[in-house]
Amino acid sequence: MTRYALLFDLDGTLVESDPLHLKAFNSLLEKYGMPTMSELDYRKRVQGRSNPEIMRDLFPSLPRQHIELADEKENIFRKSLGSDVQPMQGIAELLDWAEAEGVATGVVTNAPRANMEAMLGATRLEGRFEAMIVGEECDRAKPDPMPYQTAMAELKATPSQSIAFEDSGSGLRSARNAGAHVFGLTSSLAPNELVQAGAHQTIDDFTDPALWARIRTLKAN
């Protein structure tokens, strides 16, 4: 039996975490005497990419230390998480609706598993998702569609029965190429940029009437 599914990216989608990530990256860059990044640099060089790609870009002269550097940055980030980290507005109500309607839910992220667990704990969203897919644990991470395809298979949902939520270009391409209906969140990119990257529709957060108009058709079809 197949099921309907709601599939969520993590950073910038479930949690507005980009400012904390930027601060962590800049702390690491400063430590190693490298130029720090602006918000625009972060969007271009970090957002939506996997850690191996990011570290090769930021630290080209330290190829043997990329794994250690990534671990160091993520430790800085996790230590910055506090109890006041807020999930995206409306997510609790959306997950309540999904649970009541028997709609499957999953997280699909390029973030390390330790980050995912820390962020879901800090925002009190742990235990609310049936599938938690980490791109680095798949053969191919986003922007490849494999992470979303893996989530659909685990949740027994077909692409036509899946709605994905993303905020980055690589994530949007991943979800769209997996066949999901994709909502782009405007936490990082403008609506036109999200559409150009592959979003079918754009929303500001999970309270948007356009989202609820779409998901309420799931049980009607």
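You can think of it this way: the chain between Arg124 and Glu72 has 16.2 nm of extra reach, that is 0.36 nm per residue less the Cα-Cα gap.
The string of couplings for the range 9-20 from the Karplus curve (6.51, -1.76, 1.60, θ = phi - 60°) is 5, 9, 5, x, 10, 7, 9, 7, 9, 4, x, 5 Hz, one whole number per residue in order, with x for Gly and Pro.
Stretching the chain fully between Ala210 and Arg3 yields a gain of 72.3 nm (0.36 nm per residue, less the alpha carbon separation). For the chain, the solvent-accessible area works out to 46 Å² per residue, with a probe of 1.4 Å and every protein chain left in place.
Accessible surface ranking for Arg64, Arg216, Arg176, 1.4 angstrom probe, highest first: Arg64, Arg216, Arg176. Placing a label point 7 Å from the Cα of Glu30 along the Cα-to-Cβ direction, none of the residues of the range 41-62 has a backbone N under 12 Å of that point. For the listed residue pairs Lys23/Lys156; Lys23/Lys142; Lys73/Lys156; Lys73/Lys142, the alpha carbons are over 32 angstrom apart in Lys23/Lys156; Lys73/Lys156. Over the chain, DSSP H runs of length four or greater, each weighted -39,500 (n - 2.57), average out per residue to a 222 nm ellipticity of -13000 deg cm²/dmol.
Tally the DSSP beta bridges in the chain and give the antiparallel ones as a percent, rounded to 5.
5 percent
The residues Tyr32, Tyr42, sorted by heavy-atom accessible surface at 1.4 Å with ligands and nucleic acids left out, run Tyr32, Tyr42 from largest to smallest. Charge tally around Ala114: other residues with Cβ under 14 Å, Lys/Arg +1 each, Asp/Glu -1 each, net -4.
Close amide H pairs (under 5 Å, H built 1.01 Å from N) link Val182 with Ala164, His200, Gln201, residues at least 5 positions away or on another chain. Let me check against my output: what whole-number percent is the relative contact order of the range 25-109, with C-alpha pairs under 8 Å and at least 6 apart? That works out to 17 percent. With the whole protein complex present, Thr150 retains an accessible surface near 50 Å², based on a 1.4 Å probe.
Per-atom-type breakdown for the chain gives carbon and sulfur 49% of the accessible area (1.4 Å probe, protein chains only).
The values are calculated or read from the model by the stated rules, or taken from the named source; none is laboratory data. These figures come from a predicted structure and were not determined experimentally. Cβ coordinates were reconstructed from backbone atoms using ideal geometry, including for glycine residues, and neighbour counts include every protein chain displayed. Accessible surface is based on the protein model in full, side chains and every heavy atom, while ligands, DNA and RNA are left aside. Shrake-Rupley method; radii C 1.70, N 1.55, O 1.52, S 1.80 Å.
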